[in-house]
1. Scan region 143-157 residue by residue and report those that are assigned to a helix (DSSP H, G or I) and open to solvent by less than 70 Å² (accessible area, probe 1.4 Å).
2. Give all pairs with beta carbons closer than 7 Å in which a residue from region 180-206 that is in a helix (DSSP H, G or I) meets a residue that is of a type in the set (Gly, Ala, Ser) and more than 13 Å from the ligand (Cβ to nearest atom); count only pairs at least 6 apart in sequence or on separate chains.
3. Take the residues in region 182-237 that are open to solvent by less than 40 Å² (accessible area, probe 1.4 Å) and more than 16 Å from the ligand (Cβ to nearest atom); name whichever of them is nearest to LEU170 (Cα to Cα).
4. Name the residues in region 173-202 that are acidic (Asp, Glu) and either within 15 Å of PRO2 (Cα to Cα) or touching a helix residue (DSSP H, G or I) at 6+ places or on another chain (Cβ under 7 Å) (or both), would you?
5. Tell me yes or no: at least one residue of region 74-81 is within 15 Å of the ligand (Cβ to nearest atom), charged (D, E, K, R) and over 18 Å from HIS10 (Cα atoms).
6. Looking at the structure I just gave you, is SER176 more than 10 Å from the ligand (Cβ to nearest atom), closer than 25 Å to ARG109 by Cα, modelled with pLDDT of 95 or more and crowded, with 20+ Cβ neighbours inside 10 Å?
7. Quick one: ARG120 ticks every box in (1) surrounded by fewer than 20 Cβ atoms within 10 Å (Cβ to Cβ); (2) closer than 19 Å to ALA189 by Cα; (3) not small (Gly, Ala, Ser) bar one, so which box is it?
8. Within the group ARG19, ARG45, ARG15, which residue is open to solvent by 20 Å² or more (accessible area, probe 1.4 Å) and outside any strand (DSSP E or B)?
Amino acid sequence: MPKLGVNIDHVATVRQARRADEPDPVWAAVEAELGGAEGITFHLREDRRHIQDRDAKLLRQTVAVKLNMEMAVAEEVVRMAEELRPHQCTLVPERREELTTEGGLDVVRHRTRVAEVVGRLKTRGIVLSAFIEPLAEQIRGSADCGFDAIELWTGRYAHAKTPAERESALAEIRSSIDAAHRLRLDVHAGHGLTYRNVRELAATPGLSEFNIGHSIVSRAMFVGMREAVREMKALIA
Ligand code: PXP
């Protein structure tokens, strides 16, 4: 059964809308853990639009489950990760104008820089995961760069408009899982997963971790974070 990492960025998004001190993503992380989250994920973006340096430091001190830091390969953020030493870093692409991480990191095109960052962070004892699209060359490229794991971008699956589109996206994910396992890469999944679409993906063998943010934070507004996490975990199970 995949473990659930809860992405708390959007709690910080609400706080930053007013540059206030609430709601606190650190508090959200505690509530998510009490609801059964097996991991807490945050994205320290270069533009600091949601999570702030203070949040990253406090999360590192307080989260008792796996702490997964999503990050671009920008030098300033890499240095923060070296200092923080979260359990896992997931390398993602980042564009300033995007609403959220759109698509995967191109580990083939950016191989030199990505491999350098992977090497540096691994010497700090951090597990490295590559957020990539479910494509054979990106999976091979991730292994070549020295990653321990890949996180498959599930956007095509999540945004499928017809059962045929969804089945084709699932088939792509299944063959990606096989290819990754042959290269001894652990396989995670994330992006656009919701209470409506998570079950089918959770039934796909070989996925060890889901990272879910927007849908859980949205539901938490109505039922609270603990309950929102419990409900998502029940669907995954
Ligand atoms: N995984 C990665 C690598 C992401 O960048 C994001 C978005 O921050 C997520 C998972 C969570 O996506 P969503 O908010 O759509 O659940």
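The values are calculated or read from the model by the stated rules, or taken from the named source; none is laboratory data. Quantities reported herein were computed from a predicted structural model and do not represent experimental measurements. Ideal geometry is used to build each Cβ from the backbone, glycine not excepted, and the neighbour counts take in all protein chains shown. The protein model used for the area step is the full one, side chains on, heavy atoms only, and it has no ligands, DNA or RNA in it. Shrake-Rupley method; radii C 1.70, N 1.55, O 1.52, S 1.80 Å.
1. If the condition is that a residue be assigned to a helix (DSSP H, G or I) and open to solvent by less than 70 Å² (accessible area, probe 1.4 Å), then ALA143, CYS145, GLY155, TYR157 are the ones that fit.
2. Close Cβ pairs satisfying both conditions: HIS181/GLY206.
3. Selected residue: THR204.
4. Result: ASP186, GLU200.
5. Within region 74-81, none of the residues are within 15 Å of the ligand (Cβ to nearest atom), charged (D, E, K, R) and over 18 Å from HIS10 (Cα atoms).
6. So SER176 passes the test.
7. (2)
8. Unique residue meeting the criteria: ARG19.
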